[in-house]
Amino acid sequence: MSVIEMQPVTVAPEDRPMKLIEALKIVNAPPQQAAQHEDVFIVCGFTPLHLQTFLEAHLLLRSPDRRVRVNSGLYGDVAGNLERAAAAAPDAVAVVLEWPDFDPRLGVRTAGSAALSRDELRESIYSQMDRFQKIIDERLAETTLALSLPSLPARHSCIQQSWLADPVNATLRRCFADFSLWASERKNIRLLNADRLDQLSPPNARWDAGAELATGFPYHLNHTSILADLLSRLIRLPLPKKGLITDLDDTLWRGIVGEAGVDGISWTLDRHTHHHALYQQQLSVLAHAGVFVAVASKNDPSVIREAFARPDLLLDVNHIFPLEVSWGPKSVAVGRILQTWNVGPDSIVFVDDSPMELAEVQAAFPGIQCLLFPKNDPQACLGLLDRLRDLFGKRFISEEDALRTNSLRAQPALSTDFLETAEAEITFSAVKNSSDSRPFELINKTNQFNLNGRRFTDSEWLHYLQDPETHLLSATYRDKYGALGKIAVLGARQSHDKFFIDVWVMSCRAFSRRIEHQCLLRLFKAHGVDEISFDFRRTPRNNPIQEFFAGLVGENPEGPLTLTLAQFEQRCPRLFHTVKDG
Amino acid sequence: MNELEDRLIDCFQAVLPKIGREELRQVSMKSTSEWDSVVTVTLISLIEETFGVETQPGDIERLTSFKSIHDYLQRNKQL
């Protein structure tokens, strides 16, 4: 039972903030051999001190296979530090602003000024804000930038009582809102959610006045650790989970439908079961964003069909696939769902109100994240919804996200006869477009048909695209049953008459359609090469691509391999796609 | 070695990782080139975090060796 979270976390995935001594131990630990370097630059106006240590430690925890170096600039010079960050060309920049960076009179290390007037202050802080924004737009537009706006209150001498908001406070709030809006519209900027920070780090326990006056570092250690943790999440956005399997009775709705009947189950305010409605609503939002949603329920299928016919249900039954309703063990139902989805357990979340069911599923699939639905605790239920948002969240919804569930449902048996009549169409594109996030997403989340398991950071991907020697080929698929969207990406380098492929992934939804063969045929023909080399490496999950290569070269590959055009032509099955250029 | 000394050595090792545990008991700001102002500030924060003490600004100038910090903690730490 220890692996199951009996209480949904209401604040953070971690139990507690990291201690400084733990952060130093992580930072001082010898790096792994052959680890890739990653440079991050902290831009702030205070002495970065422990924030630098905590940020490095949290980044290392997120990617233990990398060496992380966090650099910083000069005290009290945010604009100059933004310029320095741009000149250093790091992989990512963390910008941590406090009010004295906008006007030194808003901090405690400057004294001697008279009471501030609203107009004077507005001019001063907006002029500084414009300056920061201009440098970011002109010098850092291509760099991933994690931004934290002031997390400490402004300190200024004024006449009003502390509980009375004065015009200066109002001006600062407006500046904060304007800066937030500006930042949230920039693709390269990931703005820290101030509400989330407030939940995790109480505002009145953040400021260490003694330390700020003595050393120029303004934060208590707990706040520093939490801030660094969130900045590291912004820099390394966690990969979202792919699917959610939910129980029904006392989870999707309140009540046991088999006993209470279809009219006896509820999710309404008047029956004090509204938190089930909020859960339904969250699942509906996830389903619209391309998350697979399935049901594993011990029930009579005919009763469940009747329940899903209720018009007031907030989750459309068409968004649920598959619906596994039987009296067998939940783990068996979950196993069937995973097979239908063709995804691994570690991409899945299972939600149930029964600790016993959670334990049974967890024992069968240790990789699944099992979460208890707290049916008697609406507050904890809201915490669960926040947790689901964090586990499945993504910045943007792509065209493929919208197609995903329908393409699963339309999955027919893929015999040769079927393929011949499917009217399949593949559109290839060789454009290296850094604003298209789909190839990056596909490479970083595909496990099964993946050449070598290589993952990219934002900046590594940008450099890969900008490298004049690299080629990118992406494939978009549709047939008469529907569209799958962009489902394959292949990255290669060409040298004379040889092609060297170092990146190749294909979505599991596109298996068994011979799209992978068409990709290679395209490369052989379009580039007129006789051989293609692959930087293949075995991973614990890439069996599908191992089997594909075994079919072409006659044996399971152990490492990098080369395929000749003659070998390919000899073993390539018949292909029926219409091929287009995009 | 008592528990206080053991935990204090952990703190010193975190900020001066290149110095062996045995040697750390002899270190001072004067005798150790790696011990700069950043090490002092980090060490003070570590000691506050580890031993639950709250140092005063004036203490920093006196806490310049393993021995002086050890003695300070024996006088002030919350057990």
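The values are calculated or read from the model by the stated rules, or taken from the named source; none is laboratory data. Every value quoted in this text rests on a predicted model; they were computed, and no experiment measured them. For neighbour counting, all protein chains shown are included, and Cβ atoms are generated from backbone atoms with ideal geometry for every residue, glycine included. Please note that ligands, DNA and RNA were not included when accessible areas were found on the heavy atoms of the full protein model with its side chains. Shrake-Rupley method; radii C 1.70, N 1.55, O 1.52, S 1.80 Å.
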Checklist outcome for this item: For A:Phe132, the lone unmet condition from (1) under 21 Å from B:Ser45 (Cα atoms); (2) in contact with a strand residue (DSSP E or B) (Cβ under 9 Å, 6 or more places away or on another chain); (3) buried (at least 20 other Cβ atoms within 10 Å of the Cβ) is (1)
Checklist entry - For region A:170-219, how many residues meet the condition of being within 14 Å of chain B (Cβ to nearest Cβ) and among the aromatic types (Phe, Trp, Tyr)? => result 2
Checklist outcome for this item: How many residues of region B:41-79 are farther than 22 Å from A:Asn222 by Cα and in a loop (DSSP other than H, G, I, E, B)? The answer is 3
Checklist entry - In region A:529-546, how many residues are assigned to a helix (DSSP H, G or I) and modelled with pLDDT under 90? => result 2
Checklist outcome for this item: Looking across region B:28-40 at residues that are free of Cβ contacts under 8 Å to residues at least 24 places away in the same chain and in a helix (DSSP H, G or I), the single one that is surrounded by the fewest Cβ atoms within 10 Å (Cβ to Cβ) is B:Ser37
Next on the checklist: Tell me the residue from B:Val53, B:Val41, B:Val27 that is among the hydrophobic types (A, V, I, L, M, F, W, C) and within 11 Å of another protein chain (Cβ to nearest Cβ), please.
Outcome noted: B:Val41
Checklist entry - Is at least one residue of region A:472-480 open to solvent by 70 Å² or more (accessible area, probe 1.4 Å) and over 25 Å from the mean Cα position of the chain (by Cα)? => result yes
Checklist entry - Here is a list of conditions, (1) surrounded by fewer than 17 Cβ atoms within 10 Å (Cβ to Cβ); (2) part of a strand (DSSP E or B); (3) at pLDDT 95 or above, and A:Ala79 meets all of them except one; can you say which number that is? => result (2)
Checklist entry - In region A:495-506, what residues are closer than 21 Å to A:Cys572 by Cβ and modelled with pLDDT of 80 or more? => result A:Phe499, A:Phe500, A:Ile501, A:Trp504, A:Val505, A:Met506
Next on the checklist: Considering only region A:545-557, I want to know if a residue exists there that is of a type in the set (D, E, K, R) and open to solvent by 50 Å² or more (accessible area, probe 1.4 Å).
Outcome noted: yes
Checklist entry - How many residues does region A:21-57 hold that are more than 11 Å from chain B (Cβ to nearest Cβ) and not in a helix (DSSP H, G or I)? => result 16
Item to check | Selection status of A:Leu197, closer than 30 Å to A:Gly290 by Cα and touching a Leu at 6+ places or on another chain (Cβ under 6 Å) | outcome: no
Checklist entry - In this structure, does B:Ile69 turn out to be away from chain A (no Cβ under 12 Å), out of contact with any Gly (no Cβ under 6 Å at 6 or more places or on another chain), surrounded by 17 or more Cβ atoms within 10 Å (Cβ to Cβ) and not small (Gly, Ala, Ser)? => result yes
Next on the checklist: With the structure loaded, tell me whether A:Thr476 is closer than 17 Å to A:His577 by Cα and outside the structural domain of A:Leu338 (by TED's automatic domain parsing) or whether it fails that test.
Outcome noted: yes
Item to check | Unique match (being in a loop (DSSP other than H, G, I, E, B) and either touching an Asp or Glu at 6+ places or on another chain (Cβ under 6 Å) or crowded, with 21+ Cβ neighbours inside 10 Å (or both)) among A:Ser151, A:Ser124 | outcome: A:Ser151
Item to check | Selection within region A:125-162 - of a type in the set (Ser, Thr, Tyr) and within 21 Å of A:Arg105 (Cα to Cα) | outcome: A:Tyr126, A:Ser127, A:Ser148, A:Ser151, A:Ser157, A:Ser162
Checklist entry - For region A:124-170, which residues satisfy the criterion of being among the β-branched types (Val, Ile, Thr) and within 20 Å of A:Val96 (Cα to Cα)? => result A:Ile125, A:Ile135, A:Ile136, A:Thr143, A:Thr144
Next on the checklist: So in region A:221-251, with the set limited to residues that are in contact with a helix residue (DSSP H, G or I) (Cβ under 6 Å, 6 or more places away or on another chain) and in a loop (DSSP other than H, G, I, E, B), which one is surrounded by the fewest Cβ atoms within 10 Å (Cβ to Cβ)?
Outcome noted: A:Leu239
Checklist entry - Which of the residues belonging to region B:13-24 are more than 11 Å from chain A (Cβ to nearest Cβ) and either exposed (fewer than 14 other Cβ atoms within 10 Å of the Cβ) or part of a helix (DSSP H, G or I) (or both)? => result B:Gly20, B:Arg21, B:Glu22, B:Glu23, B:Leu24
Checklist entry - Hey, among the residues in region B:1-12 that are of a type in the set (D, E, K, R) and within 12 Å of another protein chain (Cβ to nearest Cβ), which one's most open to solvent (accessible area, probe 1.4 Å)? => result B:Arg7
Checklist outcome for this item: In region A:167-186, residues that are surrounded by 16 or more Cβ atoms within 10 Å (Cβ to Cβ) and in contact (Cβ under 8 Å) with a residue 24 or more places away in the chain total 10
Next on the checklist: Being at negative phi and either within 14 Å of chain B (Cβ to nearest Cβ) or under 19 Å from the mean Cα position of the chain (by Cα) (or both): is that true of A:Leu231 here?
Outcome noted: yes
